[in-house]
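A.B. asks: One structure follows; several queries about it will come next.
Quick note: the coordinates plus some simple rules give every number you see, no bench work behind them. As the structure is a computational prediction, the values presented were derived from the model and not from experiment. Here the Cβ is made from the backbone with ideal geometry for all residues, glycine too, and neighbour counts use every protein chain on show.
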Amino acid sequence: MATPDDVLNVERGELGYSRWNDDQAGTKYGRWYADRTGESYYGTSGVPFCAMFQSYCLDHAGVSAPGMPGAYCPWILDAGRNENRMIYNEDAQPGDLVLFDWGGDGNPDHIGMVEENHPSEGYLSTIEGNTNNGQVARRTRSYSCVVGIIRPYYDGSSNAGNSGSGSTSDRQLDVDGWWGPATTTKLQQVLGTPVDGVVSQQPSCNRSAVLAAGDGWEWVDNADDGGSTCIRALQGVIGCDQDGYFGPDSANHLEAHFGIDQDGVLDGPSNTVMAMQRELNEGRI
């Protein structure tokens, strides 16, 4: 039976690998992935190998995971959301995949595997490929750079059933006035929309109306895909145009919904978001 220890033992056995000490083209993990996929490009020099390293270790341990084997972090994150395998940062366990966002744009740039979680201090101990100048090494990562955590399909594990930084529907939100992935997840659960912890396709021009927005808001220059299903459902509850885009008008209606003076802006932190979080903790909006 494949367990987290099985894959972590494979990863620990790879510690110290350096692409600079590899006397063949590309990397050990890129060549393996090229053979696996039939795409020779991945075996060439200069190809980032963080995701291919994780794919290699999972495969050698006999463990499957969303988006794996894979070489592109955004697709792996999408697969984790689509398969409902996302985990709260605080609930991460050894053997979970963790994706990092260096640019703060909500898109993952790098992937590692959790070796230890330190929730009281807000950081993870990880094993990663393509780090420390092209090595396999242990790293320490703050929760602040985590964009999503995925639980692989270990034998005996149940469906994770939560959001990118979220957990199950009965988990209580922190009433802190910041609208991040956990608040979005709870809102999606209460509204009955698809659950992924993301407010998708929001116009960048509306960002100034949601100063309380944390991670998990997808800001785009050209929002032409109908906005967010979750926001459309929320707009239906608070009585404004259901266009899927959260701007000043939606902020005004949300403020009015909770009896708060309207100014068209959800400050950071926001009393309106706090009011919404309290209601969501009661299973309503």
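A.B. asks: What is the chain's relative contact order, in percent, from Cα pairs under 8 angstrom and six or more apart in sequence?
C.D. replies: 15
A.B. asks: Evaluate the relative contact order of region 1-43 (contact order divided by residue number), counting alpha-carbon pairs under 8 angstrom at least 6 apart; express in whole percent. Each step should come with its number before you reach the end.
C.D. replies: Numbers: 22 pairs, mean separation 10.6, N = 43.
Reported as a whole number, the value is 25 percent.
A.B. asks: With N residues in region 175-285, what two-decimal value do you get for its Cα radius of gyration over 2.2 N^0.38 Å?
C.D. replies: Details: Rg = 12.2 Å, N = 111, 2.2 N^0.38 = 13.2 Å.
Relative to the rule-of-thumb radius for its length, region 175-285 sits at 0.93.
A.B. asks: With only Lys, Arg, Asp and Glu charged, each at its Cβ (+1 for the first two, -1 for the last two), find how big the charge dipole of region 35-162 is about the Cα centre; round to the nearest 20 debye. Kindly include the intermediate steps, with their values, before the conclusion.
C.D. replies: Working: 7 positive and 16 negative charges, 20 e Å.
Taking the Cα centre of region 35-162 as origin, the dipole is about 100 debye.
A.B. asks: Which of Q202, Q24, Q262 moves most in a GNM of the chain, Cα contacts under 10 Å?
C.D. replies: Among Q202, Q24, Q262, the largest mean-square fluctuation in the Gaussian network model of the chain belongs to Q24.
A.B. asks: In Å, what Kirkwood hydrodynamic radius results for region 1-128 from the alpha-carbon pair distances? Walk me through the numbers before you get to the answer.
C.D. replies: Numbers: mean 1/r = 0.0659 Å⁻¹.
After inverting the pairwise mean of 1/r, the radius is 15.2 Å.
A.B. asks: Please list, short to long, the whole-number percent of alpha-carbon pairs of region 239-285 in consecutive 10 angstrom bins beginning at zero.
C.D. replies: Calculated over all Cα pairs of region 239-285, the distribution is 29, 54, 17 percent.
A.B. asks: Moving on. Long-range amide H contacts for W179: which residues qualify at under 5 Å (H placed 1.01 Å from N, peptide plane, sequence gap of 5 or more or a different chain)?
C.D. replies: Amide H to amide H, under 5 Å and 5 or more residues apart or across chains, W179 pairs with A213, G214.
A.B. asks: Over region 22-156, what relative contact order in percent results from Cα pairs under 8 Å that are six or more residues apart?
C.D. replies: Numbers: 265 pairs, mean separation 30.5, N = 135.
Computed value for region 22-156: 23 percent relative contact order.
A.B. asks: Then there is this: Can you tally the net charge around G247? Count Lys and Arg as +1, Asp and Glu as -1, for every other residue whose Cβ sits under 11 Å from the Cβ of G247. Before the final figure, lay out the partial values.
C.D. replies: Working: positive: R207; negative: D241, D243, D249.
Summing Lys and Arg as +1 and Asp and Glu as -1 gives -2.
A.B. asks: Which one of R207, R139, R36 has the biggest mean-square fluctuation once the chain is modelled by GNM with Cα springs under 10 Å?
C.D. replies: Result for the chain, Cα springs under 10 Å: R36 fluctuates most.
A.B. asks: From the gyration tensor of the Cα coordinates in region 176-215, what semi-axes in whole Å does the equivalent ellipsoid have, largest first, with each one equal to sqrt(5λ)?
C.D. replies: Details: eigenvalues 68, 31, 11 Å².
Here the semi-axes work out to 18, 12, 7 Å.
A.B. asks: In debye to the nearest 20, how big a dipole does the chain give about its Cα centre with +1 on each Lys and Arg Cβ and -1 on each Asp and Glu Cβ?
C.D. replies: On the way: 17 positive and 40 negative charges, 105 e Å.
Dipole of the chain, to the nearest 20 debye: 500 debye.
A.B. asks: Quick one: among D221, D96, D174, which has the greatest mean-square fluctuation in a GNM of the chain with alpha-carbon springs under 10 angstrom?
C.D. replies: Result for the chain, Cα springs under 10 Å: D221 fluctuates most.
A.B. asks: Hey, could you grab the Kirkwood Rh for region 183-238? Inverse mean 1/r over distinct alpha carbon pairs, Å, one decimal. Before the final figure, lay out the partial values.
C.D. replies: On the way: mean 1/r = 0.0866 Å⁻¹.
Computed over region 183-238, the radius equals 11.6 Å.
A.B. asks: Could you give the alpha-carbon Rg of the chain over 2.2 N^0.38 Å, rounded to two decimals? List each step's numbers first, then the result.
C.D. replies: On the way: Rg = 20.4 Å, N = 285, 2.2 N^0.38 = 18.8 Å.
The reported ratio for this selection is 1.08.
A.B. asks: Average projected area of the Cα convex hull of region 1-48, in nm²? Write down the numbers at each step before the final one.
C.D. replies: Values: hull surface 16.7 nm².
The number I arrive at for region 1-48 is 4.2 nm².
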